[in-house]
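Trainee: Below you'll find the structure I mean.
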Number of protein chains: 2
Amino acid sequence: MKAKLLLAAALFAAPALAQTDKLAAPSPGEIVAAAPASEWVAISPDDLLVMDLAPGAWEQPRRVVIQLIPAPFSTAWTANVRTLAKAHWWDGLAIVRAQDNYVVQWGDPDGEDTAKAKPLPAGISATSEADYVTSLARLPLPSDAPPPIRTCSQGRDCNPTEAEVRYNARAKMLTDAAGVDAYATFSLFRNGWPLAADVGGGKAWPVHCYGMVGVGRGMSPDAGSGAELYTVIGHAPRHLDRNIALVGRVIEGIEHLSTLPRGTEALGFYKTPQERTPITSIRLGSEVKGLAAYQYLSTESETFARYADARANRRDPFFIVPAGGADICNIPVPVRRAPG
Amino acid sequence: MKAKLLLAAALFAAPALAQTDKLAAPSPGEIVAAAPASEWVAISPDDLLVMDLAPGAWEQPRRVVIQLIPAPFSTAWTANVRTLAKAHWWDGLAIVRAQDNYVVQWGDPDGEDTAKAKPLPAGISATSEADYVTSLARLPLPSDAPPPIRTCSQGRDCNPTEAEVRYNARAKMLTDAAGVDAYATFSLFRNGWPLAADVGGGKAWPVHCYGMVGVGRGMSPDAGSGAELYTVIGHAPRHLDRNIALVGRVIEGIEHLSTLPRGTEALGFYKTPQERTPITSIRLGSEVKGLAAYQYLSTESETFARYADARANRRDPFFIVPAGGADICNIPVPVRRAPG
């Protein structure tokens, strides 16, 4: 009676069921496991950030690997993050905050005390809210920019124009993988990243899913330098989208952050220095010897389309009722160590 | 530069900002803090499950408090859960599984071995998929059952009938708090619980948000007895809605589960008995001396409506762009210990 609650959720588990029932629909994990090598995209070590925490209570190593988000998003901050990593600025600093169902945050524990704060390295650029808004708006949407989604709720008749038919076809293509979004006109995947988009305004932006990494900041118009970072360890706090710059996502080792004891001060900050986990080092991947090669499944691939459809419509044997949809943060982009 | 990343997210933090800026819009937490006592609903100790885990590495107590879901949902399983708790059946069993961004699960580690499995107590009822589906469908929707949501995507004209106008007004009332839902026609709150609903089919069901507690089961048609339970510790796995019976939610102490080391076997099961956290006891709240009194904010209250609106449209000073929406799992129902 030990219930194998979520067999189908073991994204990369062996397809045991398929062996006993040849007619069973494949699970999302089985679909991904069958992707041809050509659909996996290598992640450059230059786009990785490798964070080593002090060893755990049983001396186990604790390494977290982060993939930086590509242009056009958050470029002012990812440039600073690279500068900070190259300067080894984070080494000896700490995890300062763990708030349940929200975020784990790291940086300079003395950062608020101007007398004691660690100076930032040369080459850190000032950032502003304007940088932020600009970077959000840059994603090229299809060149014949579609009109806003047409509905009949405004009492219009519903004979679509040719442009609208074209738009709807594109919107369907873009949204099939992600479906309805409570925070935007629709959501989509592009170049391996989950995005939300406001078709009316022509903007697109990365979204705060589990494991995404963002830039801590104070009250607006402070936009943060990138020296203080956080990662999401709970339900997607999508209300932060467009309000904080996202600079990447954890692709390995997030359990070393998500299992940290929660801080007992307001917002989950740790009360005493002893409670903080020290950061041994943060390096760009290209500086780390022996680092594994990582790949993500192309979100433009046929396998990804099938995987996303299966996440939204579970037909594998465990399931009774397919949902018929999924929010974008429940369709995590598959990432793996390159085989061989 | 220590960024107070998410001041507004400290649901029950003191309204420090309001003191310095009288014109600032209140945060969701400030709105909840100002709710009159009459809007808080007492939770009966008979509806609580109190799980005490073996003390942690520093002998700290680890107590998790769960509120059982009321009828009409999952009644076949909540009856079994009460029987198991009254029989002290879980005492001495263990947390058997922790899968990152998914679930923590507890029960009998030998449950799959019929020779060694702990016998269930007298009075445990058999459950079936039929029980499950029936309980899902029972929520009374407004008595003049509305027609399916009318859209013009089927090429119909859009002059609504009087019944449709009435329906739309009701749908707006029901959905204002929760907005768009990727997994259902819409989502709503009722009697303190987050639900999704399929208006066309007249069904409503509880949803897998962070902290919800469900019944582990094997392959369908196995529906699970309630002896093996799990709680969500990551992004809402809404694809499980209607596929597994939900029996409650953690209202206090979830950090004792969400921070457990992740299991290294498939699906996050622990490899060795030593890795499992022992359960000292699970009791109904009415059997636990000195238990605090708990209350939830009425989801039918005016304060809850304002709170949900503020979660979807953050206007407090930290935010630059209000989202304009929120998914139902990003609007956690406020629960507190009764003051005084």
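The values are calculated or read from the model by the stated rules, or taken from the named source; none is laboratory data. In this text the structure is predicted, and so the values were computed from the model without any measurement. Here the Cβ is made from the backbone with ideal geometry for all residues, glycine too, and neighbour counts use every protein chain on show. These accessible areas exclude ligands, DNA and RNA; they are computed on the full protein's heavy atoms, side chains included. Shrake-Rupley method; radii C 1.70, N 1.55, O 1.52, S 1.80 Å.
Trainee: Residue by residue through the range B:260-277, note down the ones that are buried (at least 20 other Cβ atoms within 10 Å of the Cβ) and touching a Lys or Arg at 6+ places or on another chain (Cβ under 7 Å).
Mentor: Matches in the range B:260-277: B:GLY263, B:GLY268, B:TYR270.
Trainee: Can you name every residue in the range A:251-283 that is assigned to a loop (DSSP other than H, G, I, E, B) and either of a type in the set (Gly, Ala, Ser) or closer than 18 Å to A:ASP91 by Cα (or both)?
Mentor: Those that are assigned to a loop (DSSP other than H, G, I, E, B) and either of a type in the set (Gly, Ala, Ser) or closer than 18 Å to A:ASP91 by Cα (or both): A:GLY253, A:GLY263, A:ARG276.
Trainee: Take the range A:36-47 and flag every residue that is of a type in the set (A, V, I, L, M, F, W, C) and either touching a strand residue (DSSP E or B) at 6+ places or on another chain (Cβ under 6 Å) or farther than 28 Å from A:VAL247 by Cα (or both). Working first, answer last.
Mentor: To start, the set of residues in the range A:36-47 that are of a type in the set (A, V, I, L, M, F, W, C) comprises A:37, A:40-43.
Within the range A:36-47, A:TRP40, A:VAL41, A:ALA42, A:ILE43 qualify.
Trainee: While we're on this one: Tell me the residue from B:ALA292, B:ALA227, B:ALA323 that is part of a loop (DSSP other than H, G, I, E, B) and under 21 Å from B:PHE73 (Cβ atoms), please.
Mentor: Among B:ALA292, B:ALA227, B:ALA323, only B:ALA227 is part of a loop (DSSP other than H, G, I, E, B) and under 21 Å from B:PHE73 (Cβ atoms).
Trainee: Okay, next question. All but one of (1) farther than 19 Å from A:GLY111 by Cα; (2) at pLDDT 95 or above; (3) in contact with a strand residue (DSSP E or B) (Cβ under 8 Å, 6 or more places away or on another chain) hold for A:LEU93; which doesn't?
Mentor: (1)
Trainee: Within the range B:308-340, take every residue that is out of contact with any strand residue (DSSP E or B) (no Cβ under 7 Å at 6 or more places or on another chain) and more than 13 Å from chain A (Cβ to nearest Cβ) and give me the one that is surrounded by the fewest Cβ atoms within 10 Å (Cβ to Cβ).
Mentor: Among those that are out of contact with any strand residue (DSSP E or B) (no Cβ under 7 Å at 6 or more places or on another chain) and more than 13 Å from chain A (Cβ to nearest Cβ), it is B:GLY340.
Trainee: Let me ask another. Hey, any hits in the range B:250-267 for a residue that's more than 9 Å from chain A (Cβ to nearest Cβ), touching an Asp or Glu at 6+ places or on another chain (Cβ under 9 Å) and over 20 Å from B:TYR102 (Cα atoms)?
Mentor: No, that holds for no residue.
Trainee: What do you reckon, is A:TYR183 in contact with a helix residue (DSSP H, G or I) (Cβ under 6 Å, 6 or more places away or on another chain), facing chain B (nearest Cβ under 7 Å) and surrounded by 24 or more Cβ atoms within 10 Å (Cβ to Cβ)?
Mentor: Yes: the conditions hold for A:TYR183.
Trainee: From A:PRO70, A:PRO109, A:PRO121, grab the single residue that is touching a residue at least 40 places away in the same chain (Cβ under 8 Å), away from chain B (no Cβ under 11 Å) and open to solvent by 10 Å² or more (accessible area, probe 1.4 Å). It would help to see each step written out before you state the result.
Mentor: Details: A:PRO109 fails: away from chain B (no Cβ under 11 Å); A:PRO121 fails: touching a residue at least 40 places away in the same chain (Cβ under 8 Å).
Only one candidate passes the filter, namely A:PRO70.
Trainee: Checking the structure you have, find out if any residue of the range A:286-296 is in contact (Cβ under 8 Å) with a residue 12 or more places away in the chain, buried (at least 22 other Cβ atoms within 10 Å of the Cβ) and on the phi < 0 side of the Ramachandran plot.
Mentor: Looking through the range A:286-296, at least one residue is in contact (Cβ under 8 Å) with a residue 12 or more places away in the chain, buried (at least 22 other Cβ atoms within 10 Å of the Cβ) and on the phi < 0 side of the Ramachandran plot.
Trainee: State which residue is nearest to the other protein chains (Cβ to nearest Cβ) when the search covers only the range A:210-227 and only residues that are open to solvent by less than 10 Å² (accessible area, probe 1.4 Å) and not small (Gly, Ala, Ser).
Mentor: A:ARG217
Trainee: Follow-up question, since we're still on this one. In the list A:ILE244, A:ILE251, A:ILE233, which residue meets the criterion of being at pLDDT 95 or above and crowded, with 23+ Cβ neighbours inside 10 Å?
Mentor: The unique qualifying residue is A:ILE233.
Trainee: Just the residues that are in contact with a helix residue (DSSP H, G or I) (Cβ under 6 Å, 6 or more places away or on another chain), small (Gly, Ala, Ser) and over 17 Å from B:ARG190 (Cα atoms), please, taken from the range B:301-325.
Mentor: Those that are in contact with a helix residue (DSSP H, G or I) (Cβ under 6 Å, 6 or more places away or on another chain), small (Gly, Ala, Ser) and over 17 Å from B:ARG190 (Cα atoms): B:ALA310, B:ALA323, B:GLY325.
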